[in-house]
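**Student:** After the structure tokens below, expect a handful of questions from me.
We did not get these values from a lab; they are worked out from the coordinates using the rules stated. If you're wondering where the values come from, they're calculated on a predicted model, not measured in any experiment. Cβ placement follows ideal geometry from the backbone for every residue including glycine, while neighbour counts extend to all protein chains displayed.
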Amino acid sequence: MLAPYAFKDKLQEVETMSKRDFYEVLGVNKNASEAELKKAYRRLAMKHHPDRNSGGKATEAEGKFKEIKEAYEVLSDAQKRTAYDQFGHAGVDPSMSGHGGPGNFSDVFGDVFGDIFGGSRGGGQRVNRGADLRYNLNLTLEKAVAGTTVKIRIPTHKPCSPCRGTGAKKGSKPELCTTCGGHGQVRMQQGFFSIQQTCPRCQGSGSIIKTPCPSCRGSGRVQESKTLSVKVPPGVDTGDRIRLASEGEAGEHGGPPGDLYVQVSVEEHKIFTREDSHLFCEVPISFAKAALGGELEVPTLDGKVMLKIPAGTQAGKLFRMRGKGVKPVRGGPVGDLMCRVKIETPVNLTERQKELLEELDESMRAGGSTHSPHSSSWMDGVKHFFESIGLAK
């Protein structure tokens with residue numbers, strides 16, 4: 001009986017012997033050039049991709065697709081191709097390869113269509129989109145409601161001019177990373193598992209810069225500060241964001257820039273409180289004004305207006321001034337201004353004022369509930385409560 005490891009070796013030997021010749025798989029001669037290999041690979045991969053085959057042909061296409069991918073990965077790599085020509089399939093055992101295995105369909109799909117449409121997979125320097133930036137913008141309530149234009153200064157990165165964002169010294173260029181073949185990723189075979197990780201040599205860029213640009217030290221970007229004009233639309237509120245496309249950090253190695261997001265924060269106002277499209281404010285009035293009524297000048301964001309106070313106004317009364325609120329930034333009707341009455345109790349009274357208030361209070365008590373209907377109804381409620389619990393005298 002074979003030991004477990006001996007059985008595994010026999011199984012690998014059977015699998016190796018059953019594989020077709022890689023040149024035969026791609027339909028090319030053994031002296032085929034790199035361009036001929038790529039052309040054959042693209043043609044066959046497009047033909048046998050599982051997404052382009054349905055029904056009963058899908059399973060057969062899947063097997064051929066994997067076979068084509070594996071053949072091209074070996075023959076397109078100069079070192080692997082030499083080992084394959086000398087030792088056959090045994091010379092390119094996946095367990096000895098930095099990439100290992102035929103990969104998955106998403107990788108191949110990217111290889112095929114990336115080559116056709118000018119992608120960077122399979123060779124060449126990878127470019128990365130720049131990072132998005134955020135700027136916190138504090139606004140007064142008046143400017144947030146009316147809209148404004150502000151200038152902001154932000155630190156950012158821009159493409160290095162001497163190397164044009166490549167990171168390589170002028171007169172040179174990045175070289176293809178031979179460890180990963182320009183993919184930026186390597187696969188390590190560990191037993192039955194294939195692990196993909198960032199290439200340790202090029203750090204995922206797919207290329208090596210042997211002579212870095214002295215201006216940017218190989219990053220392809222330099223730091224600077226720039227001033228931008230930000231148009232703030234009317235009606236913005238805390239939490240709203242304004243997106244400035246392509247005003248973020250420059251991408252690495254000539255990649256596209258990110259975006260800048262201006263985060264709005266509206267400062268607390270001394271008079272008004274905002275809730276969506278409505279504004280609220282407290283209006284202090286005197287005891288006499290509340291009792292006798294009259295007119296009161298109140299502020300709005302558009303200027304001063306006169307508020308009519310009816311006689312007998314109670315504390316907490318809410319007056320609505322239509323159309324004196326905020327027009328929402330995303331559209332909709334203008335909100336209202338809500339004025340809440342706050343009756344101010346007089347303080348620091350003179351002796352004469354105290355005497356007058358005592359006389360007034362005595363006069364109103366004599367009138368019963370005529371002058372204080374709320375107080376009288378409240379006292380009646382208290383009396384009934386005490387009677388219900390047996391505390392009434």
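**Student:** Under the classification rounded if a/c is under 1.5, otherwise prolate if a/b is larger than b/c and oblate if not, where does region 136-202 fall, given a ≥ b ≥ c as square roots of the Cα gyration tensor eigenvalues? Please report the intermediate quantities before stating the final value.
**Tutor:** Numbers: a/c = 6.77, a/b = 1.96, b/c = 3.46.
In terms of gyration-tensor shape, oblate.
**Student:** Please list, ordered by chain and number, the residues whose modelled amide H lies under 5 Å from the amide H of ASP240; skip anything fewer than 5 residues away on the same chain.
**Tutor:** Those qualifying (amide H under 5 Å, at least 5 residues apart or on another chain) are VAL264.
**Student:** Name the residues whose placed amide hydrogens come within less than 5 Å of the amide hydrogen of ASN128, ignoring near sequence neighbours (fewer than 5 apart) on the same chain.
**Tutor:** Residues meeting the amide H criterion: GLU252, GLY255.
**Student:** Can you list residues whose amide H is under 5 Å from PHE319's amide H, if they're 5+ apart or on another chain and H is modeled 1.01 Å from N?
**Tutor:** Residues meeting the criterion, in which the H sits 1.01 Å from N, are CYS339, ARG340, VAL341.
**Student:** Taking a ≥ b ≥ c as the square roots of the eigenvalues of the Cα gyration tensor of region 173-217, is the shape rounded (a/c under 1.5), prolate (a/b larger than b/c) or oblate?
**Tutor:** Details: a/c = 4.51, a/b = 3.08, b/c = 1.47.
Prolate shape, in that a/c is at least 1.5 and a/b is the bigger ratio.
**Student:** Further question on the same structure: For region 298-314, in order, what is each residue's ³J(HN,Hα) by Karplus, 6.51 cos²θ - 1.76 cosθ + 1.60 with θ = phi - 60°, in whole Hz (x at glycine and Pro)?
**Tutor:** Working through the residues one at a time gives 10, x, 9, 5, 9, x, 8, 9, 9, 9, 7, 9, x, 5, x, 5, 9 Hz.
**Student:** Report the calculated FRET efficiency for GLU34 and SER265 (r = Cβ-Cβ distance, R0 = 35 Å), to the nearest 0.05.
**Tutor:** Details: r = 57 Å, r/R0 = 1.63.
Once rounded, the FRET efficiency stands at 0.05.
**Student:** Could you check what % of the DSSP bridge pairs in region 239-359 are antiparallel, to the nearest 5? Could you put the intermediate results ahead of the total?
**Tutor:** Working: 18 of 26 bridges.
Rounded to the nearest five, the antiparallel share is 70 percent.
**Student:** Kindly write out, for region 28-34 in residue order, the coupling ³J(HN,Hα) from the Karplus curve 6.51 cos²θ - 1.76 cosθ + 1.60 (θ = phi - 60°), rounded to whole Hz, with x marking Gly and Pro.
**Tutor:** 10, 7, 5, 9, 5, 6, 5
**Student:** Then there's this: Expressed in nm to one decimal, what extension gain is obtained for the pair GLU62 and ASP21 from 0.36 nm per residue of sequence separation less their Cα-Cα distance?
**Tutor:** On the way: separation 41, 0.36 × 41 = 14.76 nm, distance 1.81 nm.
Result: 12.9 nm gained on full extension.
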